[in-house]
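Student: Got a structure for you, written out below as structure tokens; questions coming shortly.
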Amino acid sequence: MSSRDFDCIVIGAGIQGSFTAYHLAKNGKKALLLEQFFLPHSRGSSHGQTRIIRKAYEQDFYTHMMEECFQLWAQLESEAGVKLYRRTGLLLMGPEKGREFQLFKSTMERNRLPTVTLGPADFSQHIPNVNRNPGDGAFVDTTAGVLYADRALRAAQEVFRSLGGVIMDGEKVVDIKPGPLVSVTTASGVYRAKSLVITAGPWANTLLSHTHLHLPLQVVKINVCYWRERTPGAYSAGNRFPCFIHVEAEGAGHHIYGLPSNEYPGLMKVCYHMGSETDPDDRDRQMDRGDIDILSRYITRHFPGLVPVPAVLESCMYTVTPDHHFVLDRHPSHSNIIIGAGFSGHGFKFGPIVGKVLCELALGQVPSYDLSPFKIQRFSSHSKSAL
């Protein structure tokens with residue numbers, strides 16, 4: 001092979017692409033990981049210091065995938081020699097008789113996952129400084145916690161490199177030519193590979209346009225908000241405060257979630273799980289603060305120990321599918337082009353498994369998991385193909 005010929009090229013060095021490259025290298029394949037920005041960067045969806053990791057989900061298939069995911073995260077911790085996970089537990093709250101809360105609860109029960117149910121009488125004892133809604137149920141996913149995102153992304157890339165993988169950053173893809181050998185053109189030249197994996201986040205459709213495919217992906221800008229503790233440590237991981245998700249929170253329309261104060265001492269991350277549609281190349285012009293108003297009202301009601309004005313405001317992007325499930329599939333017209341997209345703001349924790357199955361698809365292997373929930377075909381009324 002020449003220096004521009006590979007077994008597989010992966011476009012997009014976020015967590016999904018980096019883990020895909022990692023698994024390809026572990027399978028002894030010559031892999032190239034291409035990234036349009038210079039690493040590290042904060043223009044996509046994989047930056048930031050923390051993410052929630054959890055087994056609590058409405059769907060069994062996500063809960064099943066997370067079992068192995070925890071093992072693979074631990075394996076990466078060992079390989080990289082760096083701490084990537086802190087167990088805090090996850091408090092899940094919502095109207096006890098509401099559909100979403102019941103879906104979460106029944107999935108946990110059906111899969112016999114360790115949980116602690118909190119009734120109204122013992123809630124404040126276990127979860128201080130939080131006002132519970134009348135009629136809300138609450139339980140804790142005790143295996144959940146915090147993933148150190150920036151550190152995890154760097155670790156996956158470093159292990160990939162240590163296995164002989166090649167990362168080329170600052171190389172924006174300007175053309176893709178399908179064929180038995182896929183050609184990928186950047187400003188630096190043309191790379192060729194037997195297979196191509198596209199994990200380009202908000203830029204997925206831009207790249208797929210070269211293959212005459214358009215998926216129903218919506219890109220939204222998320223305001224990542226940090227709120228100051230009135231009493232330092234009141235909501236800290238050190239004081240065993242958990243992550244939380246409040247489903248069907250009144251007046252919201254989408255989940256509200258939070259992580260204990262950790263990365264910024266004295267500041268707790270609390271965010272709205274949706275944002276306003278944006279162009280990924282022009283996102284800084286998107287100044288909508290409607291979600292921040294919702295959060296300020298929410299914090300005033302439920303978190304009296306936080307100042308209800310954000311102290312730090314950062315941003316990232318979600319690439320959202322109509323059903324909020326991922327796309328993990330082969331291109332409908334080119335079987336050696338694999339697509340990982342639409343992670344809808346809850347995909348980071350799945351990086352090790354997403355990378356594993358995208359690697360398996362790229363190598364023509366039978367995937368380890370049933371990928372029917374993630375097929376492109378489910379968008380038959382949405383997706384457009386010019387072929």
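The values are calculated or read from the model by the stated rules, or taken from the named source; none is laboratory data. A quick note: this is a predicted structure, and the numbers were derived from the prediction, not measured. Neighbour counts run over all protein chains shown; Cβ positions are idealised from the backbone, glycine included.
Student: Which members of region 227-259 meet the condition of being under 17 Å from Gln125 (Cα atoms) and assigned to a loop (DSSP other than H, G, I, E, B)?
Tutor: Gly233, Ala234, Tyr235, Arg240, Phe241, Pro242
Student: Now, a different point. Within region 143-168, work out how many residues are closer than 20 Å to Gly347 by Cα and either among the β-branched types (Val, Ile, Thr) or free of Cβ contacts under 8 Å to residues at least 12 places away in the same chain (or both).
Tutor: Going through region 143-168 one residue at a time, the tally reaches 2.
Student: Hey, any hits in region 189-200 for a residue that's outside any strand (DSSP E or B), of a type in the set (A, V, I, L, M), in contact with a strand residue (DSSP E or B) (Cβ under 9 Å, 6 or more places away or on another chain) and surrounded by fewer than 17 Cβ atoms within 10 Å (Cβ to Cβ)? If you could, list the steps in order and put the result at the bottom.
Tutor: Applying the first criterion (outside any strand (DSSP E or B)) to region 189-200 yields 199-200.
Going one step further and asking which of them are of a type in the set (A, V, I, L, M), we end up with 200.
Subsequent filtering for residues that are in contact with a strand residue (DSSP E or B) (Cβ under 9 Å, 6 or more places away or on another chain) retains 200.
If we keep only those that are surrounded by fewer than 17 Cβ atoms within 10 Å (Cβ to Cβ) too, we end up with none.
No, that holds for no residue.
Student: Separate question: Return yes or no: is Gly137 surrounded by 14 or more Cβ atoms within 10 Å (Cβ to Cβ) and more than 21 Å from Phe348 (Cβ to Cβ)?
Tutor: On the way: surrounded by 14 or more Cβ atoms within 10 Å (Cβ to Cβ): yes; more than 21 Å from Phe348 (Cβ to Cβ): yes.
Yes, satisfied.
Student: While we're looking at this one, here's another question. Given the residues Glu100, Glu79, Glu58, Glu68, which is the only one that is within 17 Å of His254 (Cα to Cα) and assigned to a helix (DSSP H, G or I)?
Tutor: On the way: Glu79 fails: within 17 Å of His254 (Cα to Cα); Glu58 fails: assigned to a helix (DSSP H, G or I); Glu68 fails: within 17 Å of His254 (Cα to Cα).
The conditions single out Glu100.
Conditions (1) closer than 30 Å to Glu229 by Cβ; (2) β-branched (Val, Ile, Thr); (3) modelled with pLDDT under 95, marked per residue:
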| position | (1), (2), (3) |
| --- | --- |
| Phe104 | yes, no, no |
| Asn111 | no, no, no |
| Pro134 | yes, no, yes |
| Leu147 | yes, no, no |
| Arg151 | yes, no, no |
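Student: So, in region 72-100, exactly how many residues are surrounded by fewer than 17 Cβ atoms within 10 Å (Cβ to Cβ) and either touching a His at 6+ places or on another chain (Cβ under 7 Å) or more than 19 Å from Asp150 (Cα to Cα) (or both)?
Tutor: Of the residues in that region, 5 qualify.
Student: Could you say whether any residue in region 258-265 is out of contact with any Ser or Thr (no Cβ under 9 Å at 6 or more places or on another chain) and not assigned by TED's automatic domain parsing to the domain that holds Leu33? So that I can check it myself, show each step before the final result.
Tutor: First, the residues of region 258-265 that are out of contact with any Ser or Thr (no Cβ under 9 Å at 6 or more places or on another chain): 258, 264.
The next check asks that each one be not assigned by TED's automatic domain parsing to the domain that holds Leu33; those that pass are 258, 264.
Yes - at least one qualifying residue is present in region 258-265.
Student: Looking at the structure I just gave you, is Ala121 without any contact (Cβ under 8 Å) to a residue 24 or more places away in the chain, more than 28 Å from Gly355 (Cβ to Cβ) and of a type in the set (Gly, Ala, Ser)?
Tutor: Criteria met by Ala121.
Student: If the requirement is being among the hydrophobic types (A, V, I, L, M, F, W, C) and closer than 22 Å to Val327 by Cβ, which of these qualifies: Ile198, Ile127, Ile167?
Tutor: Step by step, each of Ile198, Ile127, Ile167 is checked, and only Ile198 is among the hydrophobic types (A, V, I, L, M, F, W, C) and closer than 22 Å to Val327 by Cβ.
Student: Could you pull out the residue among Ser335, Ser315 that is outside the structural domain of Gly14 (by TED's automatic domain parsing) and hydroxyl-bearing (Ser, Thr, Tyr)?
Tutor: Answer to the selection: Ser315.
Student: Answer yes or no: is there a residue in region 13-32 that is in a loop (DSSP other than H, G, I, E, B), under 14 Å from the mean Cα position of the chain (by Cα) and of a type outside the set (Phe, Trp, Tyr).
Tutor: Yes, some residue in region 13-32 is in a loop (DSSP other than H, G, I, E, B), under 14 Å from the mean Cα position of the chain (by Cα) and of a type outside the set (Phe, Trp, Tyr).
Student: How many residues does region 287-309 hold that are buried (at least 22 other Cβ atoms within 10 Å of the Cβ) and part of a strand (DSSP E or B)?
Tutor: Number of matching residues: 1.
Student: What number goes with the only condition from (1) among the small types (Gly, Ala, Ser); (2) outside any loop (DSSP other than H, G, I, E, B); (3) over 27 Å from Cys225 (Cα atoms) that Ser3 does not pass?
Tutor: (2)
Student: Right, another one. Exactly one of (1) in contact with a helix residue (DSSP H, G or I) (Cβ under 6 Å, 6 or more places away or on another chain); (2) not assigned by TED's automatic domain parsing to the domain that holds Gly355 is unmet by Asp136. Its number?
Tutor: If we test Asp136 against (1) in contact with a helix residue (DSSP H, G or I) (Cβ under 6 Å, 6 or more places away or on another chain); (2) not assigned by TED's automatic domain parsing to the domain that holds Gly355, just (1) comes out false.
Student: Residue by residue through region 150-173, note down the ones that are touching a Phe, Trp or Tyr at 6+ places or on another chain (Cβ under 6 Å) and either of a type in the set (D, E, K, R) or in the same structural domain as Lys269 (by TED's automatic domain parsing) (or both).
Tutor: Asp169
Student: Evaluate the following for Ala204: is it farther than 30 Å from Gly266 by Cα and either in a loop (DSSP other than H, G, I, E, B) or outside the structural domain of Ser124 (by TED's automatic domain parsing) (or both)?
Tutor: Working: farther than 30 Å from Gly266 by Cα: yes; either in a loop (DSSP other than H, G, I, E, B) or outside the structural domain of Ser124 (by TED's automatic domain parsing) (or both): yes.
Yes; evaluated as a whole, the condition is true for this residue.
Student: Oh, and also: If we only count strands (runs of 3 or more DSSP E) wholly inside region 106-159, which ones have 1 or more residues that are in contact with a Gly (Cβ under 7 Å, 6 or more places away or on another chain) and within 18 Å of Glu248 (Cα to Cα)?
Tutor: Once the strands (runs of 3 or more DSSP E) in region 106-159 are filtered for at least 1 residues that are in contact with a Gly (Cβ under 7 Å, 6 or more places away or on another chain) and within 18 Å of Glu248 (Cα to Cα), what remains is 136-141.
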